[in-house]
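Here is the structure we will look at.
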There are 2 protein chains.
Amino acid sequence: MTVTAPEVTKRRIGAESSETRALIIAATEMVIREEGYSAASTRRVALRAGLKPSLVHYYFPTTDDLLLAVFERGAAKSDEMIEAAIASGDPVRALWRFFSDDSRTALSVEYLALAIRRPAIRAKIATHSDAMRKQQVELFEQLLGARLNGPDGCPPAGLSVILAGIGRALFMESALGVSTGHKEATAWVDHWLDRLLPPTD
Amino acid sequence: MTVTAPEVTKRRIGAESSETRALIIAATEMVIREEGYSAASTRRVALRAGLKPSLVHYYFPTTDDLLLAVFERGAAKSDEMIEAAIASGDPVRALWRFFSDDSRTALSVEYLALAIRRPAIRAKIATHSDAMRKQQVELFEQLLGARLNGPDGCPPAGLSVILAGIGRALFMESALGVSTGHKEATAWVDHWLDRLLPPTD
DNA sequence: CCCGATGCTGAACACTAGTTCAAATTTTTT
DNA sequence: AAAAAATTTGAACTAGTGTTCAGCATCGGG
């Protein structure tokens, strides 16, 4: 007999499919949205979800496990939105709308902050960011190919960085309460996109 | 007798001019640089400076007081750098270099994060950001006035938002470990500035 | 009907943080 | 040198966090 697995006396963990588990993830996302990632402690999350802290740890042994799960869910949602944008009639502008969407950007900024301080999570977020960018590069290449080398042109990869960067800047400054120049920056992006990709009207 | 001031039995606070005070501020900035603003606790700062926690509180009754002082010092330094950029022969590119300077951007991103979660500090940071922007708008107006309305043009306020935004994006993504498209974005900015403001060579 | 798997709870431990304050120490003033 | 003022320290209190774990509850199948 004997043999079997040399399991290290694993602790019990709640099922992936559990409703409670989903509830915890949702509550965590809310907390992050409302109070920032640094408020996303297992205890606060528990309070928010109306559960006991130890139950949170039953589903997510460590806080990193929880945050990772939350990010994964968020990333999946964001991927869906991008897919939808790409599938739309005007993918570039849809993408720009995606980048300047406050609610999404709020989370993505929190994840970024999270990544910088949580090594365990950084890799996953970095990989996802990079994959998103590459996907966009391909899209831009197909869509704008010829035009990108014109005098107003911009390599696809640069375009992606620039749109994402401006979108994030607008959001972060708004959160701070600064908005000088935002109208102008937005108008410029619109204008630029119009030259790059004349509206088909 | 009596009368005098209705002082609320104020606690004693260390002198503004104290060396220890300066040391504490410097240590705090280091901690923020190396471990992020969330690591800037009075106790960690004390450890870092080789002092006792209570001494930190002698100079800065609350953590917000400390962070505010640190920000003020940082803002002053940043103002100096901007003044230097403006006084240089090529202010716009000097400013862009300022925005893409890693070491400065690192701090400014931390301050931004700080502001979003520390109401007591938000106002000061917001005011400073706005003042910086307005100063730049003026500069761009004087410098680029005519050209800004051309087909490639951009209102000065927009230009400031865009350069700051792209600079921050490049930094944050680098910190994360993502760099796809960075070369291209940087090259595009350089190219754009060249069209807007031909190098005087 | 019992039994094991699964879900959940309470209590506890170790640790970090902010803050206060009386007392000790050092420096400055007189 | 005595007195006053400024600086520094030690110890403590409060509060929050991550995490563990033994055990209670429940529930579906054998």
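The values are calculated or read from the model by the stated rules, or taken from the named source; none is laboratory data. In this text, all values refer to a predicted model and were calculated from it rather than measured experimentally. We place every Cβ from the backbone using ideal geometry, glycine too, and count neighbours over all the protein chains shown.
Condition check for residue B:91 on (1) farther than 19 Å from residue B:197 by Cα; (2) surrounded by 15 or more Cβ atoms within 10 Å (Cβ to Cβ): one failure, at (1).
Residues in the range A:17-43 that are among the charged types (D, E, K, R) and touching a Pro at 6+ places or on another chain (Cβ under 9 Å): A:43 alone. Return the residues of the range A:55-64 that are buried (at least 16 other Cβ atoms within 10 Å of the Cβ) and near DNA strand D (Cβ under 8 Å from one of its atoms); say none if nothing qualifies. Answer for the range A:55-64, where residues must be buried (at least 16 other Cβ atoms within 10 Å of the Cβ) and near DNA strand D (Cβ under 8 Å from one of its atoms): A:56, A:57, A:58, A:60, A:63. Residue B:179 satisfies every condition listed in (1) closer than 24 Å to residue B:31 by Cβ; (2) among the hydroxyl-bearing types (Ser, Thr, Tyr); (3) more than 8 Å from chain A (Cβ to nearest Cβ) except (1).
Selection of the range B:20-35 for residues being away from chain A (no Cβ under 13 Å) and more than 11 Å from DNA strand C (Cβ to nearest atom) yields B:20, B:21, B:22, B:23, B:24, B:25, B:26, B:27, B:29, B:30. Is it the case that residue A:162 is surrounded by 20 or more Cβ atoms within 10 Å (Cβ to Cβ), under 17 Å from the mean Cα position of the chain (by Cα) and without any contact (Cβ under 8 Å) to a residue 12 or more places away in the chain? Yes, satisfied. With the checklist (1) touching a residue at least 24 places away in the same chain (Cβ under 8 Å); (2) farther than 14 Å from residue A:95 by Cα; (3) at the interface with another protein chain (Cβ under 10 Å from one of its Cβ atoms) in hand, flag the one item residue A:132 doesn't pass. It is condition (2) that residue A:132 fails. Of the listed requirements (1) in the same structural domain as residue B:164 (by TED's automatic domain parsing); (2) within 16 Å of DNA strand D (Cβ to nearest atom); (3) closer than 24 Å to residue B:17 by Cα, residue B:52 misses just one: (1). For the range A:68-89, the tally of residues that are more than 14 Å from every other protein chain (Cβ to nearest Cβ) and within 16 Å of DNA strand D (Cβ to nearest atom) stands at 3. Out of curiosity, is residue A:100 within 14 Å of chain B (Cβ to nearest Cβ) and within 16 Å of DNA strand C (Cβ to nearest atom)? Answer is no for this residue. Answer yes if at least one residue in the range A:96-113 is more than 21 Å from residue B:109 (Cα to Cα) and in contact with a Cys (Cβ under 7 Å, 6 or more places away or on another chain), and no otherwise. Within the range A:96-113, not a single residue is more than 21 Å from residue B:109 (Cα to Cα) and in contact with a Cys (Cβ under 7 Å, 6 or more places away or on another chain).
Just one of (1) under 25 Å from residue B:182 (Cα atoms); (2) without any contact (Cβ under 8 Å) to a residue 40 or more places away in the chain; (3) polar (S, T, N, Q) fails for residue B:127. It is (1).
Looking at A:43, A:48, A:104, just one residue is within 22 Å of residue A:157 (Cβ to Cβ), basic (Lys, Arg) and in a helix (DSSP H, G or I), and that residue is A:104. Here is a check on your reading of the model: is residue B:32 under 23 Å from residue A:118 (Cα atoms), outside the structural domain of residue B:103 (by TED's automatic domain parsing) and more than 10 Å from DNA strand D (Cβ to nearest atom)? Yes; evaluated as a whole, the condition is true for this residue.
For residue A:112, the conditions (1) in the same structural domain as residue A:134 (by TED's automatic domain parsing); (2) assigned to a helix (DSSP H, G or I); (3) of a type outside the set (D, E, K, R); (4) over 10 Å from the mean Cα position of the chain (by Cα) all hold with the exception of (4).
Let's see how each residue does on (1) at pLDDT below 95; (2) closer than 22 Å to residue B:165 by Cβ; (3) within 16 Å of DNA strand C (Cβ to nearest atom):
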position: B:37; (1), (2), (3): yes, yes, yes
position: B:48; (1), (2), (3): no, no, yes
position: B:64; (1), (2), (3): no, no, yes
position: B:70; (1), (2), (3): no, no, yes
position: B:79; (1), (2), (3): no, yes, no
position: B:89; (1), (2), (3): yes, no, no
position: B:96; (1), (2), (3): no, yes, no
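Answer yes or no as to whether residue B:139 is out of contact with any Pro (no Cβ under 9 Å at 6 or more places or on another chain), crowded, with 17+ Cβ neighbours inside 10 Å and either more than 7 Å from chain A (Cβ to nearest Cβ) or under 25 Å from residue B:70 (Cβ atoms) (or both). Taking the combined requirement at face value, the residue does not satisfy it.
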